[in-house]
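Beneath this line is the structure, given in structure tokens, with notes to follow.
The numbers here are math on the coordinates, done by the rules we state, and not lab data. Everything numeric here is computed off the predicted structure, so don't read it as measured data. Glycine gets a Cβ as well: all are built from the backbone with ideal geometry, and neighbour counts include every protein chain shown.
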Amino acid sequence: MSEPQRPHPLVRSLVESLSSRRRWPRGLYVHVPYCVAKCPYCDFNSYAFSDPGQLDEMVEAILQEAEQWAALLEGGRGGFRTLFVGGGTPTVLRPAQLRRLVVGLRERLPLSDLEEATIEANPGTLTLEKLEALREAGIDRVSVGVQSLQPDELRRLGRIHTAEQAVRSVAMIRRAGFARFNLDVMVAIPGQTAESLRHTLDRLVGELGARHVSAYVLTLEESTPFFEAWRRGELPMADEETQARMVELVVSRLAGAGLERYEVSNFARPGEESKHNLGYWRHQTYLGLGPGAHSFWAGFRFASVRAPAAYVGAVRPGGATAGSAVGFIERLCLRQWMDERILLGLRIAEGVDRERFARELGYPLEEAYDPRVWDRLEAGGLIRRDGRTVRLTDRGFLVADAVAVAITASARPLPGEAEPLLQGEAQGEPDEDVGADPAAGADQPESQFTGAPHAAVEADLVAAAHP
């Protein structure tokens, strides 16, 4: 039997803070780490399961961790607004296991006021029986990893499903009574052409009637077979200019079908945006359950141990309490809060809320960062400022990460910036429900759809970062 994980020294501070504040976060993420087979490009915390008993064990461990947090915050204020079950592939679970997981979470945690409950699904593991079990348990949105509707592209990606299975999955989702679903698509797959990408997009929004699409550029991660094949010269990857053209194709094709870009990688019809993911980008609080799951709560960012066996041992009854599975934790200082607000807020079309930034963090944007950088980025057509927000332009979205880095690199020294900033202090209440309704105000560890920087845009960023 595995020994329980020894709590990190900062966990005591986290527990003390939560015990005094007694307020639940806004979002709940649940990580089911198992899948049928690990895709060769994937570096997520996922594992191909070898024993069906591992699935039952993981469901019970996640519910045990939920019980531990519930015991700590018994009678706490508020409740979760969104639930997202991801992985791995949660739909490797059998119908009874899926029902046990979702119903068990509802029995242990304050989930009665959920506005959205999403589960990720692989078309190769989805059945009508599973979908009906999920619907009965309270899941109301399904995110399907289609990736492509081209058979050769699916084979190159090592996916376990076919294009036909993906199409049938959407039909089953509708038959099971789900009104909301998302379809994932991958961009810049080796061998993908503009025509094959256009064909996939047109089928997603036409034949399958998608009202939300997530589009991710394939990125090479060092720990993956794809990276090793590329390093050996066996895997040709699209160059930056080709990636940029494909990004522009996605944006224009989906906009033509009524799906507007509300985040770097996400497109939706008004009202169909992912409420859970918007919570991340709006810098709102969330709790993560399961191996490797991350949390952002009460001024701390923390994550559970990654290995499934270590996680199960850490939450096992008999001495384990809230936070026993934490393997990483940090208390955010004022400067980290500011930088994260920029890095996350610029990813969404609504942008960074200037008034909220100053109210919660104590300084206007132009005092926290060199105003000359803001001026140069705006003059270069990469950002747009008004009295309420700072947002990326269409050109800025192509290089969203680089724009954010240029801004955060221009940070101006501030009194107390290295001191911890706890939620609920005089600076404001960062975990309150904030942010505009995305359907009303938009002009939103996944792969990033940042495109590839054109040389001219790169030059603008270099100039902006060095005024």
May I ask which residue of 73, 226, 392 lies farthest towards the positive end of the charge dipole of the chain, with charges of +1 (Lys, Arg) and -1 (Asp, Glu) on Cβ and the Cα centre as origin?
73
How much length, in nm to one decimal, is gained on full extension between residue 16 and residue 393, taken as 0.36 nm per residue of separation minus their Cα-Cα distance?
131.4 nm
Inter-label distance for residue 74 and residue 269, nm, one decimal - labels placed 7 Å from Cα along Cα-to-Cβ
4.7 nm
Sequence of 91, 127 once ranked by neighbouring C-beta atoms within 10 Å, starting from the fewest
127, 91
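Using only DSSP helix segments of four residues or longer, with each worth -39500 (n - 2.57), what per-residue ellipticity at 222 nm results for the chain after dividing by its residue count and rounding to 500?
Helix-only estimate at 222 nm: -12000 deg cm²/dmol.
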Among bridges DSSP assigns within the chain, what percent are antiparallel (round to 5)?
45 percent
Per the 1/(1 + (r/R0)^6) rule, R0 = 35 Å and r from the Cβ atoms of residue 230 and residue 294, FRET efficiency to 0.05 is 0.80
Residue separation times 0.36 nm, minus the C-alpha to C-alpha distance between residue 239 and residue 48: what's the value?
65.6 nm
(i) 1.10; (ii) 0.95; (iii) 0.98: which one is Rg/Rh (Cα atoms, Kirkwood Rh) as calculated from this entry?
(ii)
Taking a crude spin-label model, label points 7 Å out from Cα along the C-beta direction, the residue 223 to residue 372 distance in nm is 4.1 nm
Full-extension gain in nm, residue 36 to residue 340, via 0.36 nm per residue minus C-alpha separation
106.0 nm
Where does each of 199, 212 land when they are ranked from fewest to most other beta-carbon atoms within 10 angstrom?
199, 212
Over region 9-281, what relative contact order in percent results from Cα pairs under 8 Å that are six or more residues apart?
17 percent
Simple spin-label estimate for residue 129 and residue 309 in nanometres, 7 Å along Cα-Cβ:
3.1 nm
Based on alpha-carbon centroids, what's the gap between region 133-203 and region 288-319 in Å, whole number please?
30 Å
Assuming R0 = 51 Å, what is the FRET efficiency of residue 171 and residue 411, from their Cβ-Cβ distance, to the nearest 0.05?
0.50
Cys residues of the chain counted as unpaired, since no other Cys beta-carbon is under 4.7 Å:
35, 333
